[in-house]
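Trainee: What follows is a structure written as structure tokens; I'll ask about it next.
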Amino acid sequence: MSTESRPVALVTGASSGIGEVFARKLSRLGYHLLLVARRRDRLEKLSAELKSAEFLTADLALDSDLRLVENRIAAESNLQFLVNNAGFGVVGEFYEKDLESQDRMHRLHIIAIERLTHAALRGMVARLKGNIVNVSSVAGFLTTPFNVSYCATKAWINSFSEGLHLELKAIHSPVRVQALCPGFTRTEFHQASDIDRSTIPRSLWMSAECVVDTSLRGLRRNRAIVVPGWRYKLFLAVYPHLPRSWKHFVALKYGNVRRTEPRP
């Protein structure tokens, strides 16, 4: 299949973790890959490994770089897959963390996803074909201390994605939108966020490969919200029905698990 005839998939945060696994699996499914991330060296290496791939070095928290990727999406006449995976976490008291990092998280998790999804949907709806996966988190269903902005922005992703899913069904469009909500996943995310993995039970960890496979199965079934792992599914089947006071008790007792620095 020539590059011109291949369906195109754009993956943000493609240099490692869930984004890299999406890129590899979509490449095997026959997509021409557009890989987006900040780390040029990793993008060069990954694009060289894949059969049909190119890359854009971009920081999606910057308006200029985000606009560059938006324009590329608009120019792709055969874009059939978008994975909004770029993101990070900031652990600690909200008031102590610098505002720049909090603002950057909101830009990546909300503004970038909003704008790239908007750029992709118009063409996908017109072509009657397309898939969008917005990588969220189980944290989007929770409210915890020391992780305030992360939980809040992931909750927005869940609501935004589910709303689009319903809107597309309402207009009878075959385009699919999914919020992918993994729990603890073995990637570089936790190291970058200064989270001590040893404080988290081994049974709660999943591989990025399992997360992506679950996402792709969910797309085939047109599921709006996909939660990989039976433990997380079971937890989220029970948690929403708890009284708010119980939720606060759980958050205060166990929400400290992600902290690595000593409390003052």
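Trainee: Since LEU99 meets every condition but one in (1) out of contact with any helix residue (DSSP H, G or I) (no Cβ under 7 Å at 6 or more places or on another chain); (2) of a type in the set (A, V, I, L, M); (3) farther than 24 Å from THR153 by Cα, which condition does it not meet?
Mentor: Going through (1) out of contact with any helix residue (DSSP H, G or I) (no Cβ under 7 Å at 6 or more places or on another chain); (2) of a type in the set (A, V, I, L, M); (3) farther than 24 Å from THR153 by Cα one by one, LEU99 breaks only (3).
Trainee: Among the residues of the stretch 212-250, write down those that are in contact (Cβ under 8 Å) with a residue 24 or more places away in the chain, of a type in the set (A, V, I, L, M, F, W, C) and closer than 14 Å to ALA139 by Cβ.
Mentor: ILE225, VAL227, PHE235, LEU236, listed by residue number.
Trainee: When you scan the stretch 238-264, how many residues do you find that are over 20 Å from VAL227 (Cα atoms), at pLDDT 90 or above and assigned to a loop (DSSP other than H, G, I, E, B)?
Mentor: Going through the stretch 238-264 one residue at a time, the tally reaches 1.
Trainee: I would also like to ask the following. May I ask you to say which residue of TYR95, TYR31 is in contact with a Pro (Cβ under 6 Å, 6 or more places away or on another chain) and without any contact (Cβ under 8 Å) to a residue 60 or more places away in the chain? Before the answer, list the steps.
Mentor: On the way: TYR95 fails: in contact with a Pro (Cβ under 6 Å, 6 or more places away or on another chain).
Going through TYR95, TYR31 in turn, just one is in contact with a Pro (Cβ under 6 Å, 6 or more places away or on another chain) and without any contact (Cβ under 8 Å) to a residue 60 or more places away in the chain: TYR31.
Residue-by-condition table, conditions (1) closer than 30 Å to GLU100 by Cβ; (2) part of a helix (DSSP H, G or I):
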residue: ALA9; (1), (2): no, no
residue: PHE22; (1), (2): yes, yes
residue: LEU26; (1), (2): no, yes
residue: GLU54; (1), (2): no, no
residue: LEU60; (1), (2): yes, no
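The rows are residues; the columns are (1) within 22 Å of VAL250 (Cβ to Cβ); (2) in contact with a His (Cβ under 9 Å, 6 or more places away or on another chain); (3) part of a strand (DSSP E or B); (4) free of Cβ contacts under 8 Å to residues at least 40 places away in the same chain.
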residue	(1), (2), (3), (4)
MET124	no, no, no, no
ILE132	no, no, yes, no
CYS151	yes, no, no, yes
ASN158	yes, no, no, no
SER161	no, no, no, no
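Trainee: Next question, about the same structure. Here are some residues: ALA74, ALA112, ALA139. Which one is without any contact (Cβ under 8 Å) to a residue 40 or more places away in the chain, in a helix (DSSP H, G or I) and not aromatic (Phe, Trp, Tyr)? Please lay out each step first, then the result.
Mentor: On the way: ALA74 fails: without any contact (Cβ under 8 Å) to a residue 40 or more places away in the chain; ALA112 fails: without any contact (Cβ under 8 Å) to a residue 40 or more places away in the chain.
Answer to the check: ALA139.
Trainee: For the stretch 79-101, name all the residues that are over 16 Å from the mean Cα position of the chain (by Cα) and crowded, with 17+ Cβ neighbours inside 10 Å. Give the steps one after another, and end with the answer.
Mentor: Here is the first cut: in the stretch 79-101, the residues over 16 Å from the mean Cα position of the chain (by Cα) are 79-80, 91-101.
Within the stretch 79-101, LEU79, GLN80, VAL91, GLY92 qualify.
The values are calculated or read from the model by the stated rules, or taken from the named source; none is laboratory data. The structure displayed is predicted, hence computed values, not measured ones. Cβ atoms come from the backbone with ideal geometry, glycine included; neighbour counts cover every protein chain shown.
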